[in-house]
1. Go through the residues of the stretch 22-29 one by one and say whether even a single one is within 19 Å of His236 (Cα to Cα) and in contact with a helix residue (DSSP H, G or I) (Cβ under 6 Å, 6 or more places away or on another chain).
2. Answer yes or no as to whether Ala398 is over 30 Å from Ala238 (Cα atoms), touching a residue at least 40 places away in the same chain (Cβ under 8 Å) and buried (at least 17 other Cβ atoms within 10 Å of the Cβ).
3. If you check Gly242 against the conditions, is it in contact with a Lys or Arg (Cβ under 6 Å, 6 or more places away or on another chain) and either without any contact (Cβ under 8 Å) to a residue 40 or more places away in the chain or over 25 Å from Lys190 (Cβ atoms) (or both)?
4. Among His249, His270, His239, His253, which is the only one that is of a type outside the set (Ser, Thr, Tyr), touching a strand residue (DSSP E or B) at 6+ places or on another chain (Cβ under 7 Å) and either closer than 18 Å to Asp355 by Cα or not assigned by TED's automatic domain parsing to the domain that holds Phe4 (or both)?
5. Do we have Pro272 as touching a Cys at 6+ places or on another chain (Cβ under 8 Å) and either part of a loop (DSSP other than H, G, I, E, B) or among the hydrophobic types (A, V, I, L, M, F, W, C) (or both) here?
6. Among the residues of the stretch 115-134, which ones are assigned to a loop (DSSP other than H, G, I, E, B) and among the charged types (D, E, K, R)?
7. Counting just the residues of the stretch 184-225 that are polar (S, T, N, Q) and surrounded by fewer than 21 Cβ atoms within 10 Å (Cβ to Cβ), which one comes out nearest to Ala599 (Cα to Cα)?
8. Looking for whichever is over 25 Å from Thr325 (Cα atoms) and either of a type in the set (A, V, I, L, M, F, W, C) or touching a helix residue (DSSP H, G or I) at 6+ places or on another chain (Cβ under 9 Å) (or both) here; the options are Leu121, Leu91. Which one fits?
Amino acid sequence: MNHFVTGATGFIGRHLVARLLRRGGTVFVLVRHGSLARLDALRAEWGADAVRVVAIEGDLAAPGLGLGPQALERLRGHVAHLFHLGAVYDLGATSAELEAANVGGTREVLRFAGEVGAGCLHLVSSIAAAGLYDGVFTEGMFEEACGLDHPYFRTKHDSEALVRHECPVPWRIYRPAMVVGESSTGRMDKIDGPYYLFKPIQKLRRNVPAWLPMLGVEGGWINLVPVDYVADALDHLAHLPGEDGRCFHLVDHRARTFGEVINVFCKAAHAPTAGLRIDLAMLGLVPETVRGAIARAGSVRRIADQLMLDLGIPRSVLQLIAYPTRFDASGARALLEPAGIRVPPLEDYAWRLWDWWERHLDPDLRIDRSLSGAVRGRVVLVTGGTSGVGRATARRLAEAGARLVIVARDPERLRETQAELAALGNAPAVYSCDLADEGACGAFAQRLLAEHGPVDILINNAGHSIRRSLEISYERIHDFERLMRVNYLGPVRLTLGLLPSMLERRHGQVINVSSIGVLSNSPRFSAYVASKAALEAFSRSAGAEVCARGVQFTIVNLPLVRTPMIAPTRLYEHLPTISPEEAAEMIVDAIIHRPVRVATRLGLFAQILHLLAPRLSQLVMNAGYEMFPDSAAARGSAPERDVAPSQEGLALTRLLRGLHW
């Protein structure tokens, strides 16, 4: 028994051919000249030689499939089953591309089937042939399809119509649901359909604890089937006697909403799931005129386009969210069940799909996410780069090949840092300047631009901290004024001096180093937290103004770092902290990924807790306030009078590692 297959090198095709080969005979494969090498690789995968799998050079888009008289003569009377899988399955393809491949290609296959006298034509169509039918679409339905405005839906429907009305040989039609990877391995060859939603799930997992319930969307219906089920079903149904002229739905009989499917994949990815899902049908309560006006608004479209770009989701995928059609597959199931061919539950293999995507298809795997790729040859300015976090960050940047510039107040430390980094083969340019001085800061910005040109990345790291309770700060308003000059006005002045050149080039990033204290509202740090909160507010407002002009503002909320800045507080000798190198990694992450914020999960949790339960958040922070007194330095006492933390206090700091107390 011989078979002829179009689209054999495609995802479904190569699985089907593997099964057809088990039946013996020869499998003829229509393949373009440029795909011959790919077919050779597949032969090795199938364990078949060129005698078992015969290449027939041609093209679906060409008249007569591009086959000459010799090829037709060779095949005439020798094709028992002709499987037509060759098509464009991309929702984002142009109307002309879809028409040529899906309709024009099918028309040529029908002519070919008649010329060679094929025993039966098997059209692998799609559930898209139902269009946007609102309700249950059965295997016996065809003319009832509606909502065929999208060219993909229309061309799949039209190709079926050709087979139903013009096929010169017996025929059978198969409508697979959205085909995903193998249920046994998760293997998939490209990102398509529901796979576009994996990147947002991954981002959610990185930023939100898995135990936190989320608000989601219920949406319409989404039907997924693994490719191995589709191939098994095609092979079995095609060879059953007496089933010509029928259409079979190769779908999952378990009706699932978009929200349910997303939750299954969130569980597979260990991401938070949507505990409450909003039904999109509620949008029907909004008048069409209002919805249309919102959809047509230019600002709304720009926001939506940017969101889709950030998430890596094509607009065409949005149609999946509100898909209205469910599919009855009772005919196919009745024939497949006796053979033991069943759709496995999505919950059983979703983790395999996720694992394969993350290991092989994640777009980030093909993007240079190295620090070197982000900064090599670019001008990067680090303020406060001679100590602690700034120095560790400067070292990473020097090693990555940045055109590094460091500014700090102490000339001697600048020379030491310059010599240290020069030993690495990348000596930075160094400048001594007190950025809290308005005149000095402005002059430095102008000199920097004149000597190095526009700055690509500005890292506002220089800062100062004071740990002192309000009770001993009533007469120390100068503490608040000083920190505002150093932590807020200095970075703002420098940013304003360098931002115009970034906007002119439509490229740049401003990284403002802040503190976890802003997220947790740390007691005893009212002056410090207020200055950093002001810097964060500036970042958020400025970022909203310039994000569409190529400049990104990023806030980095560092937890407690063991640096000279915390040395006066002897209490911190007993508390768990991160190292300057670990803090530098957070800044490196900000450079590479250019997010709006980089923070620890504890920091984000503290912010969420304050938003959802502010009184509880206050009580937690007050407990720490009561456990850890002011340092001797803050009280103006001798260091030896510092009080060691209690065991209860140490337990709290280990539980909430990184918070300022």
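1. Yes, the stretch 22-29 contains at least one residue that is within 19 Å of His236 (Cα to Cα) and in contact with a helix residue (DSSP H, G or I) (Cβ under 6 Å, 6 or more places away or on another chain).
2. Against the criterion (over 30 Å from Ala238 (Cα atoms), touching a residue at least 40 places away in the same chain (Cβ under 8 Å) and buried (at least 17 other Cβ atoms within 10 Å of the Cβ)), Ala398 does not qualify.
3. Considered against the rule, which asks whether it is in contact with a Lys or Arg (Cβ under 6 Å, 6 or more places away or on another chain) and either without any contact (Cβ under 8 Å) to a residue 40 or more places away in the chain or over 25 Å from Lys190 (Cβ atoms) (or both), Gly242 comes out as no.
4. Going through His249, His270, His239, His253 in turn, the sole match is His249.
5. Judged against the criteria, Pro272 is a match.
6. Selection gives Asp134 alone.
7. Per the criteria, the residue is Asn207.
8. Leu121
The values are calculated or read from the model by the stated rules, or taken from the named source; none is laboratory data. Since the model is a prediction, treat every value here as computed from it, not as a measurement. Ideal geometry is used to build each Cβ from the backbone, glycine not excepted, and the neighbour counts take in all protein chains shown.
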